[in-house]
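This report concerns only the one structure given below.
Readers should treat all values here as calculations from the given coordinates under stated rules, not as data from a laboratory. These figures come from a predicted structure and were not determined experimentally. Note that we place each Cβ from the backbone using ideal geometry, even for glycine, and neighbour counts take in every protein chain shown.
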Amino acid sequence: MLVKPSPLTALNRVGIRAGEQCYDAIVGPGLLDRVGKLVAPLVRGPRCAVVADENTAALFAARVLRSLTEASYQRTLITLAPGEESKSLEQLGAVCEQMAAAGLDRTSFLVALGGGVPGDLAGFAAAIYFRGIPYVQVPTTLLAQVDSSIGGKTAVNLPAGKNLLGAVHQPVLILADTDSLQTLPPRELSQGFAEIIKHAIIADASLFALLDSFARNRNFTELVRRNIEIKASIVAQDEQDVTGARAILNFGHTVGHAIERAAGYGALAHGEAVSLGIVAACEVSVRKAGLKEAERAKAISMLEAFDLPTKLPPDFPRQLILPALRADKKFERGQVRFVVTPALGSARLTSDISVEEIAAAIELL
């Protein structure tokens, strides 16, 4: 007897292993309408909450809530103000209070709907509510689909720095609906390409060819799936970020986070700051790790092809970057743990890079 193929074939599903946990990321169109059905085998209780910022809620929450209702869940929508400012302890407490008011208990679950901010915040709330409840990542931006939704890192910011309070709490499922990417304005879409280009630099140089073909075929499913595979393979080696294997994902982020903080959160988009950090990290890699000049130029050219910045604005407060760098959580015992690439498609972590050498690379931005 012929069996009709499932629309969720192996091509659309990526298995993720993190420590003792295994879960799936499913990629493709139309998944927002199937959240309730797909999560049902993975959770116990009848109650859940959907956490989204106001912009994302206006676009997608009705579909997700309807799918949960159809799956017989009692659901609550919790909305956040858009932007990085919502990743705060105050907002985290407010979300947990709303969860409690809605009657969520240890059998309940959360749905993190949107970009990195609701993903990080809802994931952290799930990690600490009743000492840990399940949650589902439903990323609707390219940046979240290829990066922040994968690997279980959750966090909020402090005035002293970005992501300083958090927990590693793996989702039970990731649903990356590629239809949602059609709603993104060009600047928002470009943020995800910064992380994709980072993956190409640190782990898979063949991604450069996939990015070239994407410009012609606009196949988001293939591109997102491949990037989830890359990040998942790195996370599997080092779930808690203790051995250094997972640290290569910080390529470009040490300087990028410092630039983001120096600008004031929200002034520069995260992907734009990471793009500038990638340029600086490539310059350090040429000087200290043997990266060829032609490969550095190739990486920068790809960033520019996706409308990402490679130079700081003329009026940028450069004097604030190094103090922000020293406050980064990757700065340990007076040294910064810095990721370099000796050749495109590979990366390594080193403590043999001085602040002065990083400053010299920043001066070229």
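Some values worked out for this structure:
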quantity: Other-chain or far-sequence residues with amide H under 5 Å of T76's (modelled H); calculated: C48, A49, V50
quantity: Two-decimal log10 I(q)/I(0) for the range 11-182, as the Debye equation yields it once each C-alpha is a single scatterer, q = 0.11 Å⁻¹; calculated: -0.38
quantity: Estimated translational D of the chain in µm²/s (Stokes, Kirkwood radius over Cα pairs; 25 °C; 0.890 mPa s); calculated: 118 µm²/s
quantity: Full-extension gain in nm, L322 to E54, via 0.36 nm per residue minus C-alpha separation; calculated: 93.1 nm
quantity: Angle between the chain longest axis and helix 220-237 axis [Cα atoms, degrees, rounded to 10]; calculated: 80 degrees
quantity: Between 0 and 90°, nearest 10: helix 89-101 axis offset from the chain longest Cα axis; calculated: 10 degrees
quantity: Sequence-separation-based contact order of the range 11-182, relative, with Cα cut under 8 Å and 6+ spacing, percent; calculated: 26 percent
quantity: At most 13 other Cβ within 10 Å, DSSP loop - trypsin sites (Lys or Arg not before Pro), the range 275-365; calculated: K292, K311, R333
quantity: Set K231/K288; K162/K288; K198/K231; K87/K162; K153/K231 screened for pairs whose C-alpha atoms are more than 18 Å apart; calculated: K231/K288; K162/K288
quantity: Helical mean residue ellipticity (222 nm; -39500 (n - 2.57) per DSSP H run of 4+; nearest 500) of the chain; calculated: -12000 deg cm²/dmol
quantity: Top of L142, L207, L113 by mean-square fluctuation, Gaussian network on the chain, Cα under 10 Å; calculated: L207
quantity: Where the Cα pairs of the range 185-363 fall when distances are cut into 5 Å bins, in %; calculated: 1, 8, 18, 22, 21, 17, 9, 3, 1, 0
quantity: Relative contact order of the chain, pairs being alpha-carbon contacts under 8 Å that are 6 or more residues apart, as %; calculated: 16 percent
quantity: Whole-Hz couplings from phi, Karplus 6.51/-1.76/1.60, listed for the range 20-37; x for Gly and Pro; calculated: 8, 9, 10, 8, 10, 10, 10, 10, x, x, x, 7, 4, 7, 10, 4, x, 5
quantity: Relative contact order [Cα under 8 Å, 6+ residues apart], the range 185-363, whole percent; calculated: 29 percent
